[in-house]
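Structure first, then comments.
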Amino acid sequence: PNSYTAHNNAPVDIQSTSQSTSDAIHVKRAYGVITALNEQLELRFGRMADHWGLGVLNNSGDCIDCDYGDVVDRVSATFRLADHLFSPMYTWRSSGPTMMTLGTSQAQALDAYTWDDVEDYSVRILKIDHPEDIHDQVSQGETVFNYGLMNSLRQQAYGIDQKFYYDSNNNPSSDEQRQTDILNQTSLKESRDGFIYTGDAFLKLYSGNVELALEAAIIYGNFKDTATSAQPDAEDTSSELAPQETTLYQVGGAIELTYKFSGENKGASLHIQTGGASGDSAPGFGALTSADGQRAAPSKSFGGDTTLDNFQFNPDYHVDMILFRQMIGTVTDAWYVKPEVAYEFDNKLTGSLAAIYSQALFKRSTASCFDPTSTTGYTCDGDEKKGALPLGIEFDAELAYNTEKTPAGGSFGGSFGGGILFPLAGFDNLALPTDDQAGSFAWTLQAKLHLTF
């Protein structure tokens, strides 16, 4: 609201006359497409969505209820051969900070440094059919396989020192300070020697009333940085930090199985989903802060964490309403199983009911073992039988209504849903008396309206 911008006509909230002082719609994608050879060759270039398979690793965020969406600067060529699509790609994963020429905010922002760019070379191979073709083949009793394989190699020689982003008190640096450092050519160059390989494969099977989809990914590599480096002299915090090597080894995947009933029960379907993501025994759990789910921040008590083994599902791959989506941030360091029943009352009205059981992979990373006063960051060490793996049982239900899409793709719809989460022992607070250690349940009610165009 304009009351937050010191607007003369709205000095306080109750006098606000405008809800927004900035554009409500921002352009995230702008790319060109060129086809040739009777549409057997396609070239794409620009800033575009990045989606792959089920969306476990790369997700475009195009669903009605998605919040994020992966966007990349990419040049790709796709050609068809032997009923498969082959796509070599070059991607600018990161160009680093920008600078304003002549120091003015009205100027076009330019890449401040060329040596800090992150380059990504990848090849994708796809066997994918149009949904109408899949329906026709399945109706004729055929089994349809769609699949894909992605290989990606990411590298970076040098990066920006963390001092560019944080001041001496570990607080985020201001935009003005960063621009000053760039214009003054402050020494920010840090050896990265980064190499990350990503491999991802998916499979979709359609046969009769059964649909099976699965995706599995592996990420490994290493890079150097000072974020995990311990002070060379504990008594001299002004000493320069030497870059330490961080290693990555992450695996994750998901399976979706659907059975659609026919005959008198037509419209009903049964879904079974399961998946998991590798984790780490370091203290802290989740994906919402830098000290858990990823690498621990520099700490005198915990020491530097030089492994990055927590695979993280894309947050737009939705598993539930509360635990992974709202509390943990996404699926990481855990596995889950989700049975669900759904029913299509007609072409517009649908309903669903699901139960999700989730469990951590390492006790030492759960809330039940976390202890910030400990020298290691956790209390479940050695042979102590403390902590627990079970995270929670959640029940979600939703009733949705959607009009049929117009030829132009427009539709109107909405839904009403809710969820309730019963936390299990993985969230117990062992520092409290035994009777008060268990957490209380969490719940949500959500109403949504949408208009597509």
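Numerical summary
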{"quantity": "Cα→Cβ-extended label distance, 7 Å offset, between SER281 and ASN2, nm", "calculated": "6.0 nm"}
{"quantity": "Mean projected area in nm² (Cα convex hull; one quarter of hull surface) for the range 37-121", "calculated": "8.9 nm²"}
{"quantity": "Dimensionless Rg/Rh of the range 56-102 - Kirkwood Rh, Rg from C-alpha atoms", "calculated": "1.14"}
{"quantity": "Computed label-point distance, nm, for sites ILE218 and ASN171 using a 7 Å Cα→Cβ extension", "calculated": "4.6 nm"}
{"quantity": "The chain: relative contact order as a whole-number percent, Cα under 8 Å and 6+ apart", "calculated": "9 percent"}
{"quantity": "Order by protection proxy (mean Cβ within 10 Å, highest first), peptides 188-196, 389-397, 339-347", "calculated": "389-397, 188-196, 339-347"}
{"quantity": "Accessible area, probe 1.4 Å, largest first, for residues LEU270, LEU424", "calculated": "LEU270, LEU424"}
{"quantity": "Net lengthening on full extension, GLU39/GLN19 (0.36 nm per residue, minus Cα-Cα)", "calculated": "2.6 nm"}
{"quantity": "Extended-chain gain in nm, criterion 0.36 nm per residue less alpha-carbon gap, LYS28 and LEU149", "calculated": "40.9 nm"}
{"quantity": "Chain lengthening between GLN108 and GLN446 when straightened (0.36 nm per residue, less Cα-Cα)", "calculated": "117.5 nm"}
{"quantity": "Between the range 251-265 and the range 111-145, the alpha-carbon center distance in angstrom", "calculated": "21 Å"}
{"quantity": "Structure-derived percent of Cα pairs over 38 Å apart - corresponding label in [x] 40; [y] 36; [z] 32", "calculated": "[y]"}
{"quantity": "Surface accessible to a 1.4 Å probe, TRP92 within the full protein complex, Å²", "calculated": "100 Å²"}
{"quantity": "Derived scalar couplings ³J(HN,Hα) [the range 438-451; Karplus, 6.51 cos²θ - 1.76 cosθ + 1.60; whole Hz; x for Gly, Pro]", "calculated": "6, x, 8, 6, 10, 8, 8, 10, 9, 10, 9, 10, 8, 10"}
{"quantity": "Formal net charge of residues neighbouring ASP67 (Cβ-Cβ distance under 13 Å; K, R +1; D, E -1)", "calculated": "-1"}
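The values are calculated or read from the model by the stated rules, or taken from the named source; none is laboratory data. Here the structure is a predicted model, which means the values were calculated and not measured. Virtual Cβ from ideal backbone geometry, glycine too; neighbours counted across all protein chains shown. Ligands, DNA and RNA are excluded from the accessible area calculation, which covers all protein heavy atoms including side chains. Shrake-Rupley method; radii C 1.70, N 1.55, O 1.52, S 1.80 Å.
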